[in-house]
Amino acid sequence: MRSLYFLGLVALLFACTKGPENPADQVYLNGIVYTVDDGNPKVEAVAVKDGLILAVGTSAEIQGYVGEATEVIDLQGKTMTPGLIESHAHLMGIGYNKLELDLMYVKTYDELVAKVAEAAAKAKPGDWITGRGWHQDKWIEMPKETVQGFPTHEALSAVTPDNPVYLAHASGHASFVNQKALELAGISNLKGERPTEVTGGEILVDDLGNPTGILAEKASGLVSRLIPAETPERAAEALTLALKELNEKGITSFHDAGAPQSTIDLIQKFKDEDKLTVRQYVMLTGTQPALLEEWYQKGPMIDTADHMLTVRAIKLNCDGALGSRGAWLLEDYSDRPGHRGHETLPMSVVSEVSEKAIPAGFQVCSHAIGDRANQEILDRYETAFGKFPDSKNLRFRIEHAQHIHPDDIPRFGELGVIAAMQAIHLSSDRPWAIDRLGEKRIIDGAYVWQSLIKTGAIVTNGTDAPVEPVDPIPSFYASVTRKTLQGLPEGGYEGDQKMTREQALKSYTLDGAFAEFEEDFKGSIEVGKAADFTVFDKNIMEIPENDILQTKVTMTVVGGKIVYSAQ
């Protein structure tokens, strides 16, 4: 009897200590977890297994999934959201920006010249000096000599007599080059010898016909094509730096807005080597028709295995930016009568690509900032949709959708066209954009997030990095305040267009997932979805708006793997 009693006691103890039947790989406890799941919007804890969400609930409930091998992460009251999705930016641009002159924070022309002079002192004669990020409308003072609101190259050229210089505007829609670069391109002294207008762009000249060094839109290609091609080693370094930056900023998925085959191949290589730490949704660059034809034949590459690299979209660049007065408008620029910007791509190409993309299974994503560009693209999308009435769930996009004619706002919802916008552009551009468009056009159709949402349109969020820093926190702040990053003006610009915090978070998560056909896999914290999380040191959903910009990302999780931790 004693032996039977002893054996029974051992069996009972074993049964009590063997742990849960389905233990988690990781559990995250004691957090403030915003799920973006309307049915269960806020919880305390999450359990993860095999890279997917196993359970959500209270910390006590999730504690029940802890087994002997479970990794337990105590969030200590920090705020967790679904992994943030950057819905429009440029992957290699982010990396290369770290390898070149970063001019994003330059405040004067003299400061720009000084940074270039410093680089020239370290360069060999003939070496190219390249950089990006300057924006004259953000400078605290302008030089004495300007043409159409832009600086001229004389001071820049004086410190770089032996080196060609190419400095991309923050928008990516203009460039500033020196005399040496102008000479190499054969455009150093026009004086009526060749037109200043080029197809889809413009060479800015002074009153005497001399180039100022500013090349708008496609005119930049006259010089950029002369810059030596990047090496594979430098490209790999740029991608490594870009991924590191995304990890640190809480980005778990990334929409690359226009990539050539070489970039796709490099990302694939990183994936094969287990070095790809951010999910990639790649848009094929529309600047290479032969590339598109190749992909039409073979169809999209949809990663249904681990969802790390999908190629399913095409990016078309259809107009310029407001800062360079390249955005294509229906009426003249308020601060440049007689000028309406540039159609940087024939609209016939939008029709052609759309009508080839639909049967081939590709999404079309067209860059449009001005109201004319938005209207023209909506017209061509609508015509293409009509030719394929049986094709549903196309989810075509307009990238930026920054300035829209009031008549066209409802069409986004009616046609199911996604507005892939970047709220941070409101903070950066709105103070001077009113000079370009005037008050009426600003109020009626610029950065109209709430108006678009009310039509039923999906509005995604992002930064357009490296146009802006890829950090999502300033863009979230702009979404809910419509203020500059200095906190101005009180009440925000056109405050009726503010997003709620719930809308802003959704624009950076579930709506971003929808825009890449992945809303059933990620974008919210629900059982069965990807264990992609972003953890913040402050509760961005409840803290005073003035504190949002002081928030930091403390952890980034992709597929259950912690790819960044501030601890």
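Assessment of the stretch 76-84 against the conditions (within 30 Å of residue 131 (Cβ to Cβ), in a strand (DSSP E or B) and in contact with a strand residue (DSSP E or B) (Cβ under 9 Å, 6 or more places away or on another chain)) yields at least one matching residue. Of the residues that sit in the stretch 174-209 and are in a loop (DSSP other than H, G, I, E, B) and modelled with pLDDT of 85 or more, which one is surrounded by the fewest Cβ atoms within 10 Å (Cβ to Cβ)? Among those residues, the one meeting the criterion is 207.
Starting from residues that are part of a loop (DSSP other than H, G, I, E, B) and buried (at least 18 other Cβ atoms within 10 Å of the Cβ), keep the ones in the stretch 105-144 and report whichever is modelled with the highest pLDDT. Before you say what the answer is, go through the steps one by one.
Initially, the stretch 105-144 is screened for residues part of a loop (DSSP other than H, G, I, E, B), giving 105-108, 123-128, 135, 139-144.
Restricting the remaining residues to those that are buried (at least 18 other Cβ atoms within 10 Å of the Cβ) gives 106, 135.
Working: 106: 92, 135: 89.
Per the stated criteria, the residue is 106.
Considering the conditions (1) under 18 Å from residue 322 (Cβ atoms); (2) in contact with a helix residue (DSSP H, G or I) (Cβ under 8 Å, 6 or more places away or on another chain), residue 458 is excluded by exactly one of them, (1).
Taken as a whole, the condition of being surrounded by fewer than 24 Cβ atoms within 10 Å (Cβ to Cβ), aliphatic (A, V, I, L, M), more than 30 Å from residue 285 (Cα to Cα) and touching a residue at least 60 places away in the same chain (Cβ under 8 Å) applies to residue 52.
Residue check: residue 99 meets all listed conditions (1) outside the structural domain of residue 137 (by TED's automatic domain parsing); (2) at pLDDT below 95; (3) of a type outside the set (Gly, Ala, Ser) but one, namely (1).
Going residue by residue through the stretch 15-24, is there one that turns out to be aliphatic (A, V, I, L, M), assigned to a strand (DSSP E or B) and at pLDDT 90 or above? Walk me through how you get there before you give the answer.
Narrowing the stretch 15-24 to residues aliphatic (A, V, I, L, M): 15, 24.
When the remaining residues are screened for being assigned to a strand (DSSP E or B), the result is none.
Looking through the stretch 15-24, none of the residues is aliphatic (A, V, I, L, M), assigned to a strand (DSSP E or B) and at pLDDT 90 or above.
Does at least one position in the stretch 394-404 carry a residue that is among the acidic types (Asp, Glu), outside any helix (DSSP H, G or I) and crowded, with 16+ Cβ neighbours inside 10 Å? Checking the stretch 394-404: at least one residue is among the acidic types (Asp, Glu), outside any helix (DSSP H, G or I) and crowded, with 16+ Cβ neighbours inside 10 Å.
So that you can scan it fast, the table gives a plain yes or no per residue for (1) aliphatic (A, V, I, L, M); (2) in contact (Cβ under 8 Å) with a residue 60 or more places away in the chain; (3) under 29 Å from residue 198 (Cβ atoms); (4) in contact with a Phe, Trp or Tyr (Cβ under 9 Å, 6 or more places away or on another chain):
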| residue | (1), (2), (3), (4) |
| --- | --- |
| 220 | no, no, yes, yes |
| 226 | yes, yes, yes, yes |
| 229 | yes, no, yes, no |
| 236 | yes, no, no, yes |
| 249 | no, yes, no, yes |
| 254 | no, yes, no, yes |
| 263 | no, yes, yes, no |
| 278 | yes, yes, no, yes |
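The values are calculated or read from the model by the stated rules, or taken from the named source; none is laboratory data. Here the structure is a predicted model, which means the values were calculated and not measured. Positions of Cβ are generated from backbone atoms using ideal geometry, with glycine treated the same way; all protein chains shown enter the neighbour counts.
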